[in-house]
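Below is one structure, written out as structure tokens; the observations come after it.
Bear in mind these aren't lab numbers, they're just calculated from the coordinates by the rules spelled out. All values reported here derive from a predicted model rather than from experimental measurement. No Cβ is skipped: glycine too gets one built from the backbone with ideal geometry, and neighbour counts run over all protein chains shown.
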Amino acid sequence: MNPSLSFWSVECPEGEPDLFVCLTCFDEVFRAKVPVEGCPGCGAIGAFEPFNIAAIKDWGTEDLIRKAEQQPLPPDSVPSANSNSVG
Ligand SMILES: [Zn+2]
């Protein structure tokens, strides 16, 4: 993980694919955002296309599928009863 990576956030309407996969290396995926400086894996710029998790599971590598499943949900879709996290 590179903490200095910055991202464009992408608005994804509900029900639309929100997992952006690099179509050059098929090894990087981000939810509802794309890296500003291109793919951190292969350097390709503008190579990200949105897919849903079902599509990724259909043709993705195990590694890509795992990364897709690990992507955090967008903040506004996470049900949170309170904003305080228990330390
Ligand atoms: Zn790539």
Do we find that F20 is among the aromatic types (F, W, Y), touching an Asp or Glu at 6+ places or on another chain (Cβ under 8 Å) and either in contact (Cβ under 8 Å) with a residue 60 or more places away in the chain or not in a loop (DSSP other than H, G, I, E, B) (or both) in this structure?
yes
Considering only residues that are of a type outside the set (A, V, I, L, M, F, W, C) and either under 13 Å from Q71 (Cβ atoms) or in contact with a Ser or Thr (Cβ under 8 Å, 6 or more places away or on another chain) (or both), which ones fall in the range 15-59?
P17, D18, D27, E28, R31, K33, P35, E37, P50, N52
Go through the range 23-37 and give me each residue that's within 10 Å of the chain's Cα centre (by Cα) and either part of a strand (DSSP E or B) or acidic (D, E) (or both).
E28, V29, F30, R31, K33, V34, P35
Going through the range 39-63 one residue at a time, which ones are surrounded by 12 or more Cβ atoms within 10 Å (Cβ to Cβ), in a loop (DSSP other than H, G, I, E, B) and either in contact (Cβ under 8 Å) with a residue 12 or more places away in the chain or within 8 Å of the ligand (Cβ to nearest atom) (or both)?
C39, P40, G41, C42, G43, A44, A47, N52, G60
Considering each residue of the range 25-38, count those that are more than 7 Å from the ligand (Cβ to nearest atom) and touching a Cys at 6+ places or on another chain (Cβ under 6 Å), and give that number.
1
Check whether at least one residue in the range 6-21 is loosely packed, with under 12 Cβ neighbours inside 10 Å, away from the ligand (no atom under 15 Å from the Cβ) and of a type in the set (S, T, Y), and report yes or no.
yes
